[in-house]
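K.L.:
Following this message is one structure expressed as structure tokens.
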Amino acid sequence: MSMISSDKQPYETLCLYIDGEFIHGGGRHEQDVVDPANGQLLGHLPHATPADLDRALAAAERAFETWRLVSPMEKSRVLRRVGELTRERAREVGRNMTRDQGKPLADAVAELTRCADHCDWHAEECRRIYGRVIPPRLPNVRQFVLREPVGVVAAFTPWNFPYNQAIRKIAAAVGAGCTIVLKGPEDTPSAVVAIARMFHEAGLPPGVLNIVWGVPSEVSQHLITSPIVRKVSFTGSVPVGKQLAALAGLHMKRVTMELGGHSPVIVCEDTDVERAADMLSTLKFSNAGQVCVSPNRLFIHAKVFDRFMTRFIDNAKKIKVGHGLEPDTKMGPLAHARRLPVMADFIQDATEQGATLALGGERIGTVGNFWQPTVLTHVPETSKVMTIEPFGPIAPCVPFTDLDDTIRRANSLPYGLSSYAFTSSTKNALKIQNGIQAGMVNINHFAGGIAEMPVGGVKDSGIGSEGGSETFDAYLTTKFVTQMD
């Protein structure tokens, strides 16, 4: 494992962004932000006071009265400019993201460049928010449907993809004509502050975008219960998502919830086994497994199980773990030290129930939150790692013989975000496509959250979609107008 102790380049100056103003200090409580690879203190993040939250809400409410009427061409211009700035600053912003989140620099930069596509996509789609004319039954009647922005949005984004998760919500809200108060991830704040700076520089009017920080439960309670907020968007864990959706429901506010999953993988005997192993080993250990769509439960046909495992384990052994700023690093640390004992518990529970530890299974060193790429085989379905999303670099693998039964096993949990399958058979592909209960089914391919792709889950994995042509649906209301001459 490689390690660096410090980085001489300055870290992002952390702040609130309210009503077009970047706010520092002022006696507010500040939270330490540290590098998860070495514990280095990076900066101090100011928490919003209740007065700050009220100011942000008031600014968003005031800005909505004008922004909702702004030409879609101007909204498009702002979003496109942010896309340009994102590409220009991808390495600078990505470097800070690596320092507070831990992912390799190449992955951080790739996240930024993909997000520029999201800005471009929303810039084009917002120019095409159309209503429709309904043919009347009387000659002197006109009837039509309008699509109008819902109002002020309260958004909450996670730490694993700080820029990506925030920009998807902001671009959708801004493009639809809404205004937004966003609470980003306090542990990995630099990317969200960078987004605020880009929108500010792109000419977004004050109050349309507001960025706040604080104790998550306190901020969410304050924002969601405010009568100013009309829509809530959250990406994060299932338990927290359910709490926020229930709170929003009490106040009759629409929600978009992109929650956790426990993605099943089905590798059929007729597939290109080596290609499947190569693709899955790359995706599984990406971002140290801290991905809501990470392949988590690998079902491999018994006839190719040994062959698959040999290739998969060999690939995992070659993964260079270290600080994300080291050029040869392929996997960084876990973002939080509290996840290290959780990884150990998953492995102990599985092995005690009869699983075989084929690779890894331990923390690396004593500095930083590093965990070995870990592979478990013949894992009982009653084990924690097969029933609870590990959100770490652990790959539980089990053999199967009957595809129909495996689809049933894949659907046995209350989650349904993403899923994966590998087969060369059209019959198997159709059976999997139609049988798997998930918002996303990837067959012989990973879509990777591209801008034109809707991301969302079913069952406990969420409500609604982000991206694709569905991207504005939850940010718009439908108004029917009928008029008689």
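Derivation of every value follows stated rules applied to the coordinates shown; laboratory data play no part. This structure is a prediction, so every number in the text was calculated from the model and none was measured. FYI the Cβ positions are ideal-geometry reconstructions off the backbone, even for glycines, and counts take in every protein chain you see.
K.L.:
Per residue and in cubic angstrom, what volume does the convex hull of the Cα atoms of segment 263-450 have? Spell out each step's value before the answer.
P.N.:
Details: hull volume 21.4 nm³, N = 188.
So the per-residue Cα hull volume is 114 Å³.
K.L.:
Additional query: Measure out, as a whole number of angstrom, how far apart the alpha-carbon centroids of segment 370-394 and segment 50-112 sit.
P.N.:
35 Å
K.L.:
Divide by every residue of the chain the summed helix terms, -39500 (n - 2.57) for each DSSP H run of at least 4, and state the resulting mean residue ellipticity at 222 nm, rounded to the nearest 500 deg cm²/dmol. Each step should come with its number before you reach the end.
P.N.:
Numbers: 14 runs with 179 residues, N = 485.
After summing the helix terms and dividing by residue count, I get -11500 deg cm²/dmol.
K.L.:
In the structure displayed, which of LYS169/LYS253; LYS183/LYS253; LYS103/LYS318; LYS8/LYS183; LYS103/LYS384; LYS284/LYS330 lie more than 22 Å apart, Cα to Cα?
P.N.:
On the way: LYS169/LYS253 16 Å; LYS183/LYS253 18 Å; LYS103/LYS318 17 Å; LYS8/LYS183 29 Å; LYS103/LYS384 26 Å; LYS284/LYS330 12 Å.
Flagged as over cut-off: LYS8/LYS183; LYS103/LYS384.
K.L.:
If I model a spin label as a point 7 Å beyond the Cα along the Cα-Cβ vector, how far apart are those points for ILE450 and VAL133 in nm?
P.N.:
Once both label points are built, they end up 3.6 nm from each other.
K.L.:
Round to the nearest 10 and give me the degree value, 0 to 90, for the angle of helix 90-101's Cα axis relative to the longest principal axis of the chain.
P.N.:
Tilt of helix 90-101: around 60 degrees.
K.L.:
Could you work out the pair-distance distribution P(r) of segment 437-478 from its alpha-carbon pairs, with 5 angstrom bin width and percents rounded to whole numbers?
P.N.:
6, 22, 25, 27, 14, 5, 2, 0
K.L.:
Let me ask something else. Extension gain ASP32-THR225, at 0.36 nm per residue separation less the Cα-Cα distance, in nm? All intermediate terms of the calculation are to be shown ahead of the outcome.
P.N.:
Values: separation 193, 0.36 × 193 = 69.48 nm, distance 2.82 nm.
Going from the current span to full extension adds 66.7 nm.
K.L.:
Taking only Cα atoms, what is the 0 to 90° angle, nearest 10, from helix 190-201's long axis to the longest principal axis of the chain?
P.N.:
30 degrees
K.L.:
Helix 305-317: angle to the longest alpha-carbon principal axis of the chain, degrees 0 to 90, nearest 10?
P.N.:
Helix 305-317 sits at roughly 70 degrees to that axis.
K.L.:
Continuing with this model, one more query. How much of the pair distance distribution for segment 1-158 lies past 21 Å, counting alpha-carbon pairs only, in percent? Kindly include the intermediate steps, with their values, before the conclusion.
P.N.:
Working: 8043 of 12403 pairs.
Within segment 1-158, distances greater than 21 Å cover 65 percent of Cα pairs.
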